[in-house]
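*Asks:* Below: one structure in structure tokens.
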């Protein structure tokens, strides 16, 4: 649900990067943060363990275009990849406006991708949300690495809803902003259709 402040004419939109552990969610946000003009971004907040895995979330507000005279801010979050932290994953989804599902396309990560997507659908359902009603894109990340999954096979299993798909290598930045633009367009389109 977009948070609209009529007094200051600001629309706040929440986009959550979701996916299995070490798939590149935090790397996406770090790249966006590093490449975004400092006047258009807030602070990047990251809570991590000694092993450099996000335990709670990364949060990065970014200003985007105006909608009907309202300034629009995207608030980007990631969830911890480990299903062990499911309470945190679920909490971060509360009042989500858009989802970027980040998939690690390496063959050994096939089952982790499917488990994480099932977990996403279940967590949304606990809030009464249906994933089909939330703007969502899928990012196939780590395309630059060897032994990647057959994307047709993975997409058939992971994406029965036919969400838009983006190929990426978050470490180098390939596809990162394309993914962000893709989800931003869907979220704004839904907002304008209200």
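*Asks:* Would you call residue 20 at pLDDT 90 or above and within 28 Å of residue 125 (Cα to Cα)?
*Replies:* For residue 20, the condition - at pLDDT 90 or above and within 28 Å of residue 125 (Cα to Cα) - is met.
*Asks:* OK, next. Which number in (1) within 17 Å of the chain's Cα centre (by Cα); (2) farther than 22 Å from residue 143 by Cα; (3) at pLDDT 80 or above marks the one condition that residue 11 misses?
*Replies:* (1)
*Asks:* Please work out if residue 155 is part of a helix (DSSP H, G or I), crowded, with 18+ Cβ neighbours inside 10 Å and at pLDDT 95 or above.
*Replies:* No: the conditions fail for residue 155.
*Asks:* State whether the residues of the range 167-180 include one that is at pLDDT 95 or above, part of a helix (DSSP H, G or I), within 16 Å of the chain's Cα centre (by Cα) and over 21 Å from residue 27 (Cβ atoms).
*Replies:* So far as the range 167-180 goes, no, none of its residues is at pLDDT 95 or above, part of a helix (DSSP H, G or I), within 16 Å of the chain's Cα centre (by Cα) and over 21 Å from residue 27 (Cβ atoms).
*Asks:* Here is a follow-up. Looking at 176, 165, which is the one that is buried (at least 20 other Cβ atoms within 10 Å of the Cβ), within 15 Å of residue 104 (Cα to Cα) and in contact (Cβ under 8 Å) with a residue 12 or more places away in the chain?
*Replies:* One residue alone meets the criteria, 176.
*Asks:* Which residues, taken from the range 118-152, are farther than 17 Å from residue 15 by Cβ, in a helix (DSSP H, G or I) and touching a helix residue (DSSP H, G or I) at 6+ places or on another chain (Cβ under 7 Å)?
*Replies:* Residues satisfying the conditions are 119, 121, 126.
*Asks:* Moving on to the next point. Does residue 111 meet the test of being closer than 23 Å to residue 30 by Cα, surrounded by fewer than 17 Cβ atoms within 10 Å (Cβ to Cβ), free of Cβ contacts under 8 Å to residues at least 40 places away in the same chain and more than 17 Å from the chain's Cα centre (by Cα)?
*Replies:* No.
*Asks:* A follow-up question, please. Test residue 51 against the criterion of being exposed (fewer than 14 other Cβ atoms within 10 Å of the Cβ), out of contact with any strand residue (DSSP E or B) (no Cβ under 6 Å at 6 or more places or on another chain), at pLDDT below 75 and over 19 Å from residue 176 (Cβ atoms), and give yes or no.
*Replies:* yes
*Asks:* Part of a loop (DSSP other than H, G, I, E, B), surrounded by 18 or more Cβ atoms within 10 Å (Cβ to Cβ) and modelled with pLDDT of 95 or more, is that true of residue 100?
*Replies:* In short, no.
*Asks:* What are the residues in the range 73-91 that are over 11 Å from the mean Cα position of the chain (by Cα) and crowded, with 22+ Cβ neighbours inside 10 Å, if any?
*Replies:* 74, 80, 81, 89
The values are calculated or read from the model by the stated rules, or taken from the named source; none is laboratory data. Quick caveat, the model's predicted, so the values are computed rather than measured. With ideal geometry, Cβ positions are generated from the backbone for all residues, glycine too; neighbour counts draw on all protein chains shown.
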